[in-house]
1. Hey, what number do you get for the chain at 222 nm if only DSSP H runs of n ≥ 4 count, each worth -39500 (n - 2.57), divided across all residues, to the nearest 500?
2. Relative to the longest principal Cα axis of the chain, at what angle does helix 120-129 sit, 0 to 90 degrees, rounded to 10?
3. Which residues among the stretch 153-193 fall inside the zone where the amide N is under 19 Å from a point 7 Å beyond the Cα of residue 115, along Cα→Cβ?
4. What FRET efficiency do you get for residue 244 and residue 142 if R0 is 22 Å and r is their Cβ-Cβ distance, rounded to the nearest 0.05?
5. In what order do 109, 311 fall by count of nearby beta-carbon atoms within 10 Å, going from fewest to most?
6. So for the pair residue 60, residue 25, with labels modelled 7 Å out along Cα→Cβ, what separation do we get in nm?
7. Between (i) 23.5, 75; (ii) 26.8, 97; (iii) 21.4, 69, which matches Rg and Dmax of the Cα atoms in Å calculated for the structure shown?
8. Considering Cα pairs under 8 angstrom that are at least six residues apart, work out the relative contact order of the chain and quote it in whole percent.
């Protein structure tokens, strides 16, 4: 009976329990809505019960009760450090991929409101019918009000308002998406390329939105050095399904994964997203057309809510994909474990990647596990299937 409760399912959870982030292997937890928390650490024969009531403080401006997650984490880590000082040596930062549920979405697509070939309701219906949970309609310098299509919303699908702020500096295209914004934001051009990017990022932030810089290699416009200097951005497209954006780089211009590692190695905390940048929903689905379904993100969030999704994305609680699906991601103090969803007879190769894009480990195992050596600054991972499709797992940073 006891063994059955502590046998991992395919989502890396125990029966009726979750695996707490930042705790030793074999630890387990259970949470209550009001803030109660039970933590067990068998390795140290330790248990903890935390009693709080977040409802006493009422809801915030967005209608949510306070998040007691950081308090739970801090209390558990303080007690663990007291009984096991070694736990404070080099370890992964806590990353919670157990709480909440997986939500699939796309943050970059187009309609007839700008240069797409189909009306917004047709576009939204495509994503809903293909299993997406959320979609951002990001037309060029146009804000499409999701309320127009409220009849498409249900417990499994929603639209998040957005816009692709589209401008250029000299001949270089500058495209910055604004996610979860309340109205259209005028695009801005500055006296430098960096200034143009920064001012558009700042304009999105000023609306309490979430910016992401789109297809930096499109038109070979935005170099890694310029991206490094942009402030207050946490998301960048590392995979874009449009056929003309040069994800893989070319000549003396690096591909977007190399750019990502360059930024991470220099200390920039930025997370890589995949999108389809779809324009063509009619006619042929072909490699030379910008069709939907070529890139997406899968976000771990408590519920289908725009603010929760945005918060999780900017915390790196998601993976990006061009076709590979995951069942679970688990981060323990010394290990990262990735459970890959099997599809047909596909095989999978997982690469754990660190500073300067160095491959730290390559494995065909499922689940795939990486054990911390202590010298890493960050560890991210890519999972590639035998058909060439990928999933990109976000970097987990190491505390020394």
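1. Theoretical 222 nm ellipticity from helices: -5000 deg cm²/dmol.
2. With both axes taken from Cα atoms, the answer is about 30 degrees.
3. 162-178, 185-189
4. That gives a FRET efficiency of 0.55.
5. Fewest-to-most Cβ neighbours within 10 Å comes out as 311, 109.
6. So the two model labels end up 3.6 nm from each other.
7. (iii)
8. Result for the chain is 15 percent.
Here, each number is a calculation from the coordinates, and none is a lab measurement. All of these numbers come straight from a predicted model, not from anything done at the bench. Don't worry about glycine lacking a Cβ; one is built from the backbone with ideal geometry, like all the others, and counts go over all protein chains shown.
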